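S.K.: First, the structure itself, so that you have it in front of you.
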Amino acid sequence: MAKINTIAELKKLREDLQGAAQANAGKPLVNVSLATCSVASGGRDVMAAMKEETAALGLDVEFVQSGCMTFCFAEPTVVVTLPGKDPVTFGYLDAEKAKTLVQKYIKDGELVDGVIPVGYERIVL
Amino acid sequence: MAEKKQLRIATRNSGFIDPENIDSYIAAGGYLGLAKCLGEMTPDQVIETMKASGIRGRGGAGFPTGVKWGFASKYASDDKYVVCNADEGDPGAFMDRAILEGDPHSVLEAMAIGAYAIGGNKGTIYIRAEYPMAIERLKIAIKQAEEKGVIGKNIMGTDFSFDLDIKYGAGAFVCGEETALINSMEGNRGEPYTKPPFPAEAGYWDKPTIVNNVETLASIPAIIVKGAEWFNGIGTETSKGTKVFALAGKINNVGLIEVPMGITLQEVIMEVGGGVRDGKEFKAVQTGGPSGGALTYKDLDVKIDYESLVACQSMMGSGGMIVMDQDDCMVSIAKFFVEFTMEETCGKCTPCRIGSKRIYEALDKITMGQGSLEDIEKLKQMSNAIKDTALCGLGQTMPNPVLSTMRVFEDEYTAHVVDKKCPAGVCSDLLEFVVVDDKCVGCTLCKRVCPVDCISGNAKEIHVIDQAACIKCGACLDKCKFDAIIKQ
């Protein structure tokens with residue numbers, strides 16, 4: 001890992017990383033909540049099932065793990081961002097529902113049950 | 001929810017970034033706050049910014065963070081410490097765990113900012129060993145931050161250096177109290193000591209030390225980047241910014257929320273929280289865990305900030321909110337929390353050690369239907385005496401669940417001792433399970449499920465429960481399909 005030697009290098013790194021994310025925006029992005037509670041309720045199974053299904057369908061999808069998405073009542077949860085669309089949060093998943101999510105929403109953009117309305121504004125630095 | 005009631009500052013990254021990848025944090029503006037401090041601000045300016053922002057400690061007591069930092073900066077010493085208090089222990093609270101698991105770098109960055117501000121160079125995160133995933137992610141974060149050069153020697157090419165390590169707690173509740181925490185970090189028994197000297201003067205290894213809570217720290221990079229005025233513009237006159245709460249208990253949307261200070265309890269419970277589960281009646285919410293108190297249906301219009309909660313005999317606490325409905329008995333709830341404190345008291349001071357035991361015994365007596373009006377008076381007296389005389393925060397706040405439930409639900413206490421009834425139908429010693437004659441069809445289901453064979457009656461005839469033999473397990477009530485058994 002390259003060391004950051006000046007403050008300017010930190011800012012440059014940030015711009016580069018944001019640029020790389022932009023370049024990647026043509027792919028669907030799946031963000032899987034993997035905090036203690038999400039893992040306990042089966043988040044890892046959901047991630048594995050989704051990866052398996054995207055591979056089976058030959059879809060090019062980017063997966064990332066993140067921490068708590070705050071929706072304990074609906075774990076496991078994932079956020080799916082399709083190119084050019086707003087992120088959508090899906091909850092109450094299991095391996096089976098996760099596969100359906102891939103087949104319907106990620107492949108064809110068709111919404112499935114379990115969408116969680118997001119009631120917050122978030123500070124971005 | 002049409003209008004967005006929540007504002008996420010401390011939890012701005014949790015659920016959005018990969019906590020195990022520092023690049024993910026940097027892409028989200030990570031370490032820009034530290035860079036701004038090192039490049040553009042003097043330590044005094046950082047402290048002034050913290051003071052001007054108005055942020056107060058999110059661990060519970062609400063001491064102004066900038067003032068705390070200001071004290072520590074005044075004492076000259078070779079070493080000064082920044083301690084992150086991650087000893088989260090309130091029943092039903094998990095805000096700090098979520099932040100550490102979802103955004104560990106924000107805490108590291110803030111600790112470095114704190115060290116720069118007070119002229120320190122060392123930091124320690126005190127976390128309980130029962131948070132393995134948070135610990136794992138913190139370790140990864142520290143390693144990556146050191147490799148990147150944002151923590152360690154000569155951060156980002158400046159002459160500021162800051163080293164970090166982790167200390168594990170064994171899960172004693174009192175170790176969240178800062179002096180007990182320092183004792184525990186030094187390898188001593190986790191017992192509090194009297195202040196002064198405050199840790200800002202002589203804390204960890206007798207060096208100037210600031211102890212800050214996880215959530216407080218997580219807000220700090222945002223305050224530095226976006227400015228004190230921005231933060232100061234959110235919240236109420238005395239309580240600025242946002243607060244993270246962990247909603248638990250009988251509420252539909254169990255989970256974490258982050259809301260601006262000054263939001264009403266009504267908005268939190270009914271709108272953000274989605275209302276009480278199963279359409280039941282909202283009764284009360286315990287804030288501040290065992291040190292806090294109950295806000296009730298009468299307090300729905302209370303604006304949530306440090307002062308208003310204290311005015312209701314409760315406290316902000318670290319942010320646990322346990323929601324209770326019509327089926328919860330307030331005496332039992334008070335007993336539950338006092339039992340927790342009784343088990344967690346370190347035993348150093350008499351009011352806390354013996355007082356918690358005596359309060360628990362009185363509450364136990366009342367829930368068993370053996371209490372008297374005199375016991376209620378004694379409870380009040382003991383509670384007030386302990387508040388005034390206990391050594392640390394744990395003891396001083398221990399009677400809060402009793403006093404705050406009595407504030408609105410004294411009639412429930414009275415019902416237990418005078419009428420020998422538990423209005424919520426919880427205290428089993430005060431309950432009777434009886435058959436409603438005109439609903440019983442004589443199906444014999446209850447009779448078959450009763451573990452002590454105390455239900456008699458032939459098929460298609462009305463059944464009878466023998467009250468002397470009944471152990472009040474409630475199995476018959478659960479089994480009956482005709483609502484023919486009630487508890488009263």
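S.K.: Within 13 Å, Cβ to Cβ, of A:Gly19, how many net charges do the neighbouring residues add up to if Lys/Arg are +1 and Asp/Glu are -1?
M.R.: 0
S.K.: Still on this structure: With every protein chain left in place, what is the accessible area per residue of the protein assembly as shown in square angstrom, probe 1.4 Å? Please list the in-between numbers first.
M.R.: Working: 24390 Å² over 613 residues.
Roughly 40 Å² per residue, with all protein chains present.
S.K.: A further question follows. Could I have the simple spin-label model distance between B:Asp163 and B:Val436, label points 7 Å from Cα toward Cβ, reported in nm to one decimal?
M.R.: 7.2 nm
S.K.: Considering only protein heavy atoms and a 1.4 Å probe, what is the carbon-and-sulfur percentage of the accessible area of chain A?
M.R.: Of the solvent-accessible surface of chain A, carbon and sulfur hold 52 percent.
S.K.: Around B:Ile166, which amide H atoms from residues at least 5 apart in sequence, or from another chain, sit under 5 Å from its own amide H, with H modelled in the peptide plane?
M.R.: B:Ile125
S.K.: With both bridge residues required to lie in the protein assembly as shown, what share of the DSSP beta bridges run antiparallel, to the nearest 5%?
M.R.: If we restrict to bridges inside the protein assembly as shown, about 50 percent are antiparallel.
S.K.: Hey, can you rank B:227-237, B:112-122 by average C-beta count inside 10 Å, highest first?
M.R.: Result, highest mean Cβ count within 10 Å first: B:112-122, B:227-237.
S.K.: For the pair B and A, how large is the buried accessible area, both sides, in square angstrom to the nearest 100, if the probe is 1.4 Å? Provide the component values of the computation, followed by the final result.
M.R.: Details: alone 20070 and 8180 Å², together 24390 Å².
Summing both chains' loss of accessible area gives about 3900 Å².
S.K.: Ok, one more. Quick one: pull the percent of accessible area on region B:431-487 belonging to carbon and sulfur, 1.4 Å probe, ligands and nucleic acids left out.
M.R.: Carbon and sulfur together cover 51 percent of it.
S.K.: Here's something else I'd like to know. Could you work out the mean count of beta carbons from other protein chains within 10 Å of each residue's beta carbon in B:143-151?
M.R.: If you average over the peptide's residues, the count of other-chain Cβ atoms is 3.
S.K.: Note the angle between two axes, namely the Cα long axis of helix A:43-57 and the longest principal axis of the Cα atoms of chain A, as a number of degrees from 0 to 90, rounded to the nearest 10.
M.R.: Long axis of A:43-57 versus the principal axis of chain A: about 90 degrees.
S.K.: OK, next. Any chance you could look up the accessible area of B:Met41 with a 1.4 Å probe, heavy atoms only, rounded to 10 Å²?
M.R.: 30 Å²
S.K.: Restricting to chain B, compute how many DSSP beta bridges are antiparallel as a %, nearest 5.
M.R.: 55 percent
S.K.: Return the residues of region B:239-266 for which accessible area with all protein chains present is lower than in the chain on its own by 40 Å² or more; set the probe to 1.4 Å and exclude ligands, DNA and RNA.
M.R.: Going by heavy-atom accessible area, the residues of region B:239-266 that drop by at least 40 Å² are B:Val254, B:Leu256.
S.K.: Largest first, what is the accessible-area ranking of A:Val32, A:Val88 with a 1.4 Å probe?
M.R.: Working: A:Val32 0, A:Val88 25 Å².
If we order A:Val32, A:Val88 from most to least accessible, we get A:Val88, A:Val32.
S.K.: Which net charge results when you count Lys and Arg as +1 and Asp and Glu as -1 among the other residues whose beta-carbon is under 15 Å from that of B:Asn213? Can you show the working numbers first?
M.R.: Numbers: positive: B:Arg56, B:Arg58, B:Lys68, B:Arg97, B:Arg128, B:Lys243; negative: B:Asp87, B:Glu88, B:Asp90, B:Asp96, B:Asp103, B:Glu177, B:Glu178, B:Glu215, B:Glu258.
Net charge in that neighbourhood comes out at -3.
S.K.: Please work out whether the protein assembly as shown counts as rounded, prolate or oblate from its C-alpha gyration tensor, where a ≥ b ≥ c are the square roots of the eigenvalues and a/c under 1.5 means rounded, while otherwise a/b larger than b/c means prolate and anything else oblate?
M.R.: Oblate shape, in that a/c is at least 1.5 and b/c is the bigger or equal ratio.
S.K.: Can you classify chain B as rounded, prolate or oblate using the Cα gyration tensor, where a ≥ b ≥ c are the square roots of its eigenvalues, rounded means a/c under 1.5, and otherwise it's prolate if a/b beats b/c and oblate if not?
M.R.: Details: a/c = 2.41, a/b = 1.97, b/c = 1.23.
Prolate, since a/c reaches 1.5 and a/b exceeds b/c.
S.K.: Only Lys, Arg, Asp and Glu count, each charged at its Cβ (+1, +1, -1, -1), so figure out the dipole size of chain A about its Cα centre, rounded to 20 debye.
M.R.: For chain A, the charge dipole is close to 380 debye.
S.K.: Okay, next question. Taking loop as defined by DSSP and a crowding limit of 15 other beta carbons within 10 Å, which chymotrypsin sites (Phe, Trp or Tyr not before Pro) in region B:145-206 fit?
M.R.: Details: sites: B:Phe160, B:Phe162, B:Tyr168, B:Phe173, B:Tyr193, B:Tyr204, B:Trp205; in loops: B:Phe160, B:Tyr193.
Those that pass, being in a loop and sparsely packed, are B:Tyr193.
S.K.: Still on this structure, I have one more. What is the helix-to-structure angle for A:7-23, meaning the angle in degrees between its Cα long axis and the longest Cα principal axis of chain A, kept from 0 to 90 and rounded to the nearest 10?
M.R.: 40 degrees
S.K.: What ranking of A:Thr36, A:Thr70 comes out by heavy-atom accessible area, probe 1.4 Å, highest first?
M.R.: A:Thr36, A:Thr70
S.K.: Once a ≥ b ≥ c are taken as the square roots of the eigenvalues of the Cα gyration tensor of region B:22-233, is the result rounded (a/c under 1.5), prolate (a/b larger than b/c) or oblate (a/b not larger than b/c)?
M.R.: rounded
S.K.: Continuing with this model, one more query. Hull surface divided by four, with the convex hull built on the Cα atoms of chain A: how many nm²?
M.R.: The directionally averaged projection comes out at 9.1 nm².
S.K.: Heavy-atom accessible surface, probe 1.4 Å, ligands and DNA/RNA ignored: which residues of region A:59-76 lose at least 50 Å² versus the isolated chain?
M.R.: A:Gln65, A:Cys68, A:Thr70, A:Cys72, A:Phe73
S.K.: DSSP loop (so not H, G, I, E, B), at most 15 other Cβ within 10 Å: list which trypsin sites (Lys or Arg not before Pro) in region B:260-291 pass both filters.
M.R.: B:Lys280
S.K.: Where in chain B are the helices, taken as whole DSSP H runs, whose Cα atoms extend 20 angstrom or more along the long axis and whose Kyte-Doolittle mean reaches at least -1.0? Show your work: numbers first, answer last.
M.R.: Numbers: long enough: B:104-118 (22 Å, 1.02); B:132-148 (24 Å, -0.42); B:330-344 (21 Å, 0.73); B:350-367 (25 Å, -0.43); B:373-389 (25 Å, -0.82).
The qualifying helices are B:104-118, B:132-148, B:330-344, B:350-367, B:373-389.
S.K.: If ligands, DNA and RNA are left out, what is the accessible area of B:Cys175 with a 1.4 Å probe, given in Å² to the nearest 10?
M.R.: About 10 Å², ignoring ligands and nucleic acids.
S.K.: Averaged over peptide B:30-38, how many Cβ atoms belonging to another chain are found within 10 Å of each residue's Cβ?
M.R.: 3
The values are calculated or read from the model by the stated rules, or taken from the named source; none is laboratory data. Note that the structure is a prediction, hence the values are computed from the model and not measured. So basically every Cβ, Gly included, is an ideal-geometry build from the backbone, and we count neighbours across all protein chains shown. Quick note on the areas: whole protein, heavy atoms, side chains included, nothing else; ligands and nucleic acids left out. Shrake-Rupley method; radii C 1.70, N 1.55, O 1.52, S 1.80 Å.
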